[in-house]
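Taking it in order: structure first as structure tokens, then the write-up.
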Amino acid sequence: MDRNSLQEEEGPAQRLIVARILCASEVFAGWPAEAIGALLPFARLGRYRRGDQLNPHDPRAREVVLIGAGFIDVSMTTARGRSFLLGIFGPNHILGILRLLPDTPAPYDYRVREDALVVQLASDPLLDVIEREPALWRSVSHMVLRQYRTALLTLINRRIGASRARVAMVLDNLAELHGVEIAGGIRLRVRVTQDDLAAMLSTTRQTVNKELRALEAAGIVAVDYTTLTIRDRPALRRCSEAPN
């Protein structure tokens with residue numbers, strides 16, 4: 001853990017918070033109390049500050065990360081030093097579910113975007129619990145399949161198509177993950193900059209700025225310094241599906 005991070009004190013209060021975060025997640029929500037209890041000795045609760053890395057010394061750590069509060073960026077750096085922002089994730093999301101596999105995992109960088117409360121759960125004890133109760137594989141497999149579908153579509157859409165369609169697709173995905181309905185549309189509850197969008201799309205900030213301005217002029221989005229609001233999501237989706 002980074003030196004600027006805070007670790008929760010051990011004790012009943014910590015275990016209660018961990019259990020609540022586990023039960024609020026997609027995978028563990030329907031698990032029996034006995035299975036959740038069996039995981040608690042292998043889960044650690046941490047508070048991280050903005051800019052911290054979760055595993056700066058071991059980016060291949062085989063563990064599942066559950067976000068209780070805050071937002072975390074997941075990125076990857078190529079051998080040539082080029083960094084790609086793979087996604088921004090918030091409360092109740094699970095990161096690293098594929099690290100249940102014993103193969104050497106990819107070196108993802110988990111960096112805190114906004115102060116976060118997370119549970120880090122070692123993969124092998126989690127596998128042991130699932131193997132003892134095979135019915136628990138159902139929730140895990142459903143999530144893996146959904147993540148695979150999303151990742152495949154995201155990979156295709158981010159690399160293929162006109163720049164406006166690609167920007168619209170990323171905005172629609174962010175609205176799905178982090179959108180809050182307000183009177184004027186859907187506001188993103190996490191701050192996303194034009195540099196972030198460019199990193200997600202492997203393009204330039206200038207291209208993102210151009211397409212955002214076009215979407216704003218069409219009344220589809222509203223952009224200001226701190227927030228981004230989707231004014232017309234059906235129109236945004238039509239833009240994301242537009243041919244080259």
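Bear in mind that the values in this text are calculations on the coordinates, not laboratory data. Every value quoted in this text rests on a predicted model; they were computed, and no experiment measured them. Positions of Cβ are generated from backbone atoms using ideal geometry, with glycine treated the same way; all protein chains shown enter the neighbour counts.
In whole percent, what relative contact order does the chain give with Cα contacts below 8 Å and a gap of six or more residues?
So the answer I get is 18 percent.
Would you calculate a helix-derived [θ] at 222 nm for the chain, using -39,500 (n - 2.57) for each DSSP H run of n ≥ 4 and dividing by the full residue count, to the nearest 500?
-12500 deg cm²/dmol
Expressed as a rounded percentage, what relative contact order does segment 161-240 have, with Cα pairs under 8 Å and six or more residues apart?
So the answer I get is 38 percent.
Would you kindly state how much longer the chain becomes between R20 and T227 on full extension, computed as 0.36 nm times their sequence separation minus their alpha carbon distance, in nm to one decimal?
71.5 nm
Nearest 0.05, what FRET efficiency do A183 and T78 give at R0 = 51 Å with Cβ-Cβ as r?
Rounded to the nearest 0.05, the efficiency is 0.75.
By how many degrees, 0 to 90 and rounded to 10, does the Cα axis of helix 163-178 deviate from the longest principal axis of the chain?
It is inclined by approximately 40 degrees.
Counting pairwise Cα distances across segment 106-244, what percent come out greater than 27 angstrom?
33 percent
For the chain, take the longest principal axis of its alpha carbons; what is the angle in degrees between that and the long axis of helix 137-159, to the nearest 10 within 0 to 90?
Rounded to the nearest ten degrees, it is 30.
Return the distance in nm (one decimal) between the two label points of a simple spin-label model at R205 and L152, each offset 7 Å from Cα along Cα→Cβ.
Going by the 7 Å Cα→Cβ label model, 3.6 nm.
Once the Cβ-Cβ distance between H142 and R49 is put in as r, and R0 is 25 Å, what FRET efficiency do you end up with, to the nearest 0.05?
Working from the Cβ atoms, E equals 0.15.
Of the labelled options (1) 18.4; (2) 14.5; (3) 13.8, which one gives mean projected area of the Cα convex hull in nm² as computed for this structure?
Checking each listed value against the structure points to (2).
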